[in-house]
Every structure is written in C-alpha cells, then in structure tokens.
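In what follows, a single structure is set out as structure tokens and then discussed.
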2 protein chains.
Amino acid sequence: MPKATVERLPLYLQCLQAMGDSETTVSSDVLANIAGVNSANVRKDLSYLGSHGVRGVGYDRLELCVQLRRALGLTDKWPVVIIGVGNLGSALANYQGFDPSGFNVIGLYDADPSKIGDPVDGHRIKSMEELELDIKEHDVQMAILTTPAGAAQEVADMLVGAGILSILNFAPALLKLPDTVKCRQVDLATELQILSYYQATRTA
Amino acid sequence: MPKATVERLPLYLQCLQAMGDSETTVSSDVLANIAGVNSANVRKDLSYLGSHGVRGVGYDRLELCVQLRRALGLTDKWPVVIIGVGNLGSALANYQGFDPSGFNVIGLYDADPSKIGDPVDGHRIKSMEELELDIKEHDVQMAILTTPAGAAQEVADMLVGAGILSILNFAPALLKLPDTVKCRQVDLATELQILSYYQATRTA
DNA sequence: GTGCGCTTGTGAAACGAATCACGATGCCCA
DNA sequence: TGGGCATCGTGATTCGTTTCACAAGCGCAC
Ligand SMILES: NC(=O)c1ccc[n+]([C@@H]2O[C@H](COP(=O)([O-])OP(=O)(O)OC[C@H]3O[C@@H](n4cnc5c(N)ncnc54)[C@H](O)[C@@H]3O)[C@@H](O)[C@H]2O)c1
Ligand SMILES: NC(=O)c1ccc[n+]([C@@H]2O[C@H](COP(=O)([O-])OP(=O)(O)OC[C@H]3O[C@@H](n4cnc5c(N)ncnc54)[C@H](O)[C@@H]3O)[C@@H](O)[C@H]2O)c1
C-alpha cells in the first residue's frame, strides 16, 4: 500500500467516526469533501482495502470503519509506554484519546529518582529498570518518547535493545535507529517554522 | 519553492544548529547524512535559497543558518497565542523551545472562568474577550489551538475573525477555514495509527 | 602556475502520487 | 421489467518530487 495512502487512512477513520450515526452509507464524494481530498483519491485509497463500495450508493459506513481499523492493525489495543514524564509526558499520560484510537498506555517511566512513584492519571511513574522488564513482560512494541532532546538517543537505544519496534518521538532530536525500527517525529518547532514560511511569503 | 522543500528547511536548520561550532563548513553530503535525505536533494533544496555553496568546500554553516532563517521568515520573533490551557496547552506554555525557534508566546487564553488569572510559566491565563483584543493590538498572526475537539471550529472561526492567518491545531478536528488561512494539524492518534499499520504489516 | 581531488549546481531520467475520465454496475422507481 | 441515475473501480494522464550523473568551479599542494 502506498505510503501516502497509509497516512490518509487514519484521517478517513476519523471522519467516519465524527459523522453522526444517522448516515449508514457514505459516498467517496462526501468523504472526500469532509477529509479535504479528491474523491478519486479516496476511491483509490479505499480500493487497497479490498473494500466493497456499492455503485450508485457508496460505502457502508460501519463496515468501512471496520475495514480501516483492520488495515491499520487496530483490531486489538496496542500497549504503549511513555518515557520522560515532564510537562509533555504528563499531558500525554492524561490524554483520554488513546483508548478510542486503539492504544493502551501501560506505564510511565522517568530517570529522575525524585519523580518515581508519583501518581499521574492512575499510573505511578516507574524507573527505567522497570521499563525494560515491562517491555519484555508485556511484549510492548510501541513507545512514546518525551525526554529532553539530549537524552533521546540514549533512551532510544535502550528501547530498541529491549525490543521496541515503533517510536513516536517528541524530542527535537534525529534518532539513529536500525531500519527494523520505525520512527515518527512530531516537532512543534518544525510545524511553526513551516507556518512561518507561508506567513512570511504571503506578505512578501 | 516546492512544498516538499519548505518542509525540509526546518530540518536542515535543526541539524546545523545541533552540530558543534567546531565545523565552520558543511558539505551537502554530511548534511544529507545527518538529516537522512539524499545529498542531491539537499543541494537542490538549498539552491532555492539563492545559496552560495563553494565547490570543493561546501556551505558556510553560519551563513547557511542565516539564509535558512531568512527563507523561513524567522528574522524577527513571531508573536503567538495559545488557546485552551488544559493538559496540553500548559505543557506547551511551559515549553522552552519556542524562543530559540523564533516564536514568542504572548498570551494564554481559556474559556473556563475558573482558570482565568491562574499563573502558567510567567503568564496569567486570560479570557477569550482579551484574546480578541490582544490579537489586534499585537498584530498576532499565529495561533496554537489546544481546546477540546468539540470547541475547535468555533474557536478557529473566532481567531480567523480576529485576524489570525496561521493555525497550529492539536485538536483532533478538521477545521473548515477560508483558504487565506493556513493550518497545520498535529494529531497524536494519527501518528500512532500510522505506526500501527507498519507494525501490523510487519508481523503479517 | 599547474594539476588533482572534492563538492557544487543542475539538466535529464526515474519514480510515485494525484487527478482525470469513463466504462461498469447496482439501486430505485415507474 | 426496464430505464435512468448515482457512484464505484480503474486505466491513462498529469503533476511534483527524488535521484542520477556529470560538467563546471574552487582550493590546495607542490
Ligand atoms: N513541553 C512541550 O510543550 C514540548 C513541545 C514540543 C516538544 N517538546 C519536547 O518534548 C520533550 C519533553 O519536553 P518537556 O517540556 O516535557 O520537558 P521536561 O523537562 O518537563 O520533561 C522531561 C522529562 O524527561 C525526564 N528525563 C530526562 N532524562 C531522561 C532519561 N535519560 N531517561 C528517562 N527520562 C529522562 C526528566 O526527568 C523529565 O521528567 C523535550 O525534548 C522537548 O523538547 C516539548
Ligand atoms: N493531552 C494530550 O496529550 C493530547 C494529545 C493529543 C491531542 N490532544 C488534543 O488537544 C486538545 C487539548 O487536550 P487536553 O488534554 O489539554 O484537554 P483539556 O481538557 O485538559 O484542556 C482543554 C482546555 O480547553 C479549554 N476550553 C474548552 N472549550 C474552550 C473554548 N471554547 N474556548 C477556549 N478554551 C476552551 C478548557 O477549559 C480546557 O482548559 C484536545 O483536543 C485533545 O484531543 C491532547
């Protein structure tokens, strides 16, 4: 499946979930308008799911949700760990959107001894030693990294060693990882700077 | 300048800043390796800056930083506002990475009357009425949106009315905006779901 | 100075993705 | 039962981006 398609599937899922239960069926045209893409693009994307739209009618909304979830590997909840429980890490820990999206935060970890044991959203912050054990015990494959940039590589190496295969990295640091490990970077500064470019060229 | 290039410029800037002051010059090859892209791609990107690499030597690191900053419109600090000071909004407010990246948080705003006046990182949370005034007074063009998804559209409309032209939206909601307004979406669930796809197809 | 090695800048080619355009097909209603 | 309408699925096309490949240029060493 093309990379570009994969990156749109969550968008479609979000759109379908956001529209009321009133609609039992959606056309590619309607979905395209909501999602802000071209309708032929939607149809081509959905065709990769081996989906079964009905000509003249559209797609069955609920069935499509199921297919999207299956394609995205969201049939079971993925256990995830959060490393670095500072400002951002605690915000994520408190976030209520994980479960409905298909994820389950099983633990929060920090290197700062003074934080260990502190309660955050029903969890207690654990040590980095426990992290390694928990990953192996629960067969965790996904990690969210919210340590300072300086510690990110070191922590990432440890995560990879422990068996993590997917990392969502919020630290503004480029991780060197084996290519068996998939990483996505979320960078606030980058996003703002891109906006800044368009803002600046607009007035120029 | 191609969209794809614009989205890489902040990356180059980050790489150049991260490498020590020891290197006075960088070749496209070195930068490409650090940034994880093809070196021809780097050269083509930088050529849009009207840049002046020196054949046989490379690019002057500091000069290149200056050029990147200028291209991105980062010569002055942009004033930005944060709307919705909950878990995520407060984390962002406490973030120390804005200033070095070229941005200046001038105010935090929330609709919840019980929060107004609360101190967060040297600011006091202000009301939505003040938001509109502040935007006009300080000629603010960029806003960070961290309200619940349900309130996002309504708040966005208000921001647009007040003169905001760029929105960084953390709420999992697709905003309908006039095409004079640029928006970038940061969606945690989407990112995790993309990782989930690759995780799932790996084992399948 | 002359030559050699390194690195840029860029046309050309390859690739991937978005869009177009339309035949095929199922549904609904007369 | 058949005709019209809406919509899908998809080949063909266009577009944007990445990569290749190499001539041109600069600096340094001798
Ligand atoms: N706060 C934000 O809004 C924001 C926004 C964008 C990016 N970021 C990035 O996210 C990361 C976290 O930001 P923050 O504001 O939460 O910082 P923070 O300093 O509040 O939190 C970092 C946490 O990581 C822990 N830590 C440090 N070294 C560690 C290690 N080796 N192993 C495990 N834990 C370790 C610290 O004890 C601390 O609790 C930073 O890289 C920052 O640049 C933050
Ligand atoms: N917390 C996270 O880690 C996280 C991660 C990803 C996405 N998000 C998204 O970011 C947004 C904020 O998340 P959060 O966890 O901080 O939520 P939160 O409930 O803690 O904070 C939301 C804040 O917005 C304020 N608010 C509500 N309606 C408003 C309005 N009309 N105008 C102005 N302010 C208003 C609330 O008073 C509250 O302070 C949500 O959309 C959430 O889905 C959060």
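The values are calculated or read from the model by the stated rules, or taken from the named source; none is laboratory data. What you see is a predicted model, and the numbers here were worked out from it, not measured in a lab. Cβ placement follows ideal geometry from the backbone for every residue including glycine, while neighbour counts extend to all protein chains displayed.
Being within 16 Å of DNA strand D (Cβ to nearest atom) and in contact (Cβ under 8 Å) with a residue 12 or more places away in the chain holds for only one residue in B:Arg69, B:Arg61, and it is B:Arg61. Restricting region A:2-18 to residues that are among the hydrophobic types (A, V, I, L, M, F, W, C) and at pLDDT 95 or above, the residue that is farthest from ligand 1 (Cβ to nearest atom) is A:Leu16.
Filtering region B:178-204 to residues that are facing chain A (nearest Cβ under 10 Å), outside any helix (DSSP H, G or I) and not β-branched (Val, Ile, Thr) leaves B:Lys182, B:Cys183, B:Arg184, B:Gln185, B:Asp187, B:Ala204.
Residues that are in contact with a helix residue (DSSP H, G or I) (Cβ under 7 Å, 6 or more places away or on another chain) and not small (Gly, Ala, Ser) were ranked within region B:47-58; the one that is surrounded by the most Cβ atoms within 10 Å (Cβ to Cβ) is B:Leu49. In the set (1) on the phi > 0 side of the Ramachandran plot; (2) buried (at least 20 other Cβ atoms within 10 Å of the Cβ), the condition left unmet by B:Ser101 is number (1).
The listed residues are B:Ala91, B:Ala111, B:Ala35, B:Ala18, and the only one of them that is within 14 Å of DNA strand C (Cβ to nearest atom) and of a type outside the set (Ser, Thr, Tyr) turns out to be B:Ala35. Residues in region A:27-41 that are more than 7 Å from DNA strand D (Cβ to nearest atom) and either at pLDDT below 95 or more than 14 Å from every other protein chain (Cβ to nearest Cβ) (or both): 2 in all.
On the basis of being within 16 Å of ligand 2 (Cβ to nearest atom) and more than 12 Å from chain B (Cβ to nearest Cβ), does A:Val81 make the cut?
Numbers: within 16 Å of ligand 2 (Cβ to nearest atom): yes; more than 12 Å from chain B (Cβ to nearest Cβ): yes.
Taking the combined requirement at face value, the residue satisfies it.
Anything in region A:40-61 that is within 25 Å of the chain's Cα centre (by Cα) and in a helix (DSSP H, G or I)? List them, or say none.
A:Asn41, A:Val42, A:Arg43, A:Lys44, A:Asp45, A:Leu46, A:Ser47, A:Arg61
Scanning region B:150-177 for residues that are more than 7 Å from chain A (Cβ to nearest Cβ), more than 17 Å from the chain's Cα centre (by Cα) and more than 20 Å from B:Asp134 (Cβ to Cβ) returns B:Gly150, B:Gln153, B:Ala173, B:Leu175, B:Lys176, B:Leu177.
Working carefully through the options B:Leu13, B:Leu74, find the one that is within 30 Å of B:Ala152 (Cα to Cα), more than 16 Å from ligand 2 (Cβ to nearest atom) and within 14 Å of chain A (Cβ to nearest Cβ). Selected residue: B:Leu74, the only one of B:Leu13, B:Leu74 that is within 30 Å of B:Ala152 (Cα to Cα), more than 16 Å from ligand 2 (Cβ to nearest atom) and within 14 Å of chain A (Cβ to nearest Cβ). Criterion first (more than 14 Å from chain B (Cβ to nearest Cβ), outside any loop (DSSP other than H, G, I, E, B), surrounded by fewer than 21 Cβ atoms within 10 Å (Cβ to Cβ) and of a type in the set (Lys, Arg)) does A:Lys115 satisfy it? Answer is no for this residue. Within region A:84-112, the set of residues being at the interface with chain B (Cβ under 9 Å from one of its Cβ atoms) and either modelled with pLDDT under 95 or not in a loop (DSSP other than H, G, I, E, B) (or both) comprises A:Asn87, A:Leu88, A:Gly89, A:Ser90, A:Ala91, A:Leu92, A:Ala93, A:Gly97, A:Phe98, A:Pro100, A:Ser101, A:Phe103. Any residue that is within 14 Å of chain B (Cβ to nearest Cβ), part of a loop (DSSP other than H, G, I, E, B) and either away from ligand 1 (no atom under 11 Å from the Cβ) or out of contact with any helix residue (DSSP H, G or I) (no Cβ under 9 Å at 6 or more places or on another chain) (or both) - is there at least one of those in region A:130-139? Yes, the conditions are met somewhere in region A:130-139. Residue-level check: of (1) part of a loop (DSSP other than H, G, I, E, B); (2) out of contact with any Lys or Arg (no Cβ under 9 Å at 6 or more places or on another chain); (3) surrounded by fewer than 20 Cβ atoms within 10 Å (Cβ to Cβ), B:Pro172 misses just (3). Please work out if A:Lys182 is within 16 Å of DNA strand C (Cβ to nearest atom) and over 17 Å from A:Ala111 (Cα atoms). When the stated conditions are applied, A:Lys182 passes them.
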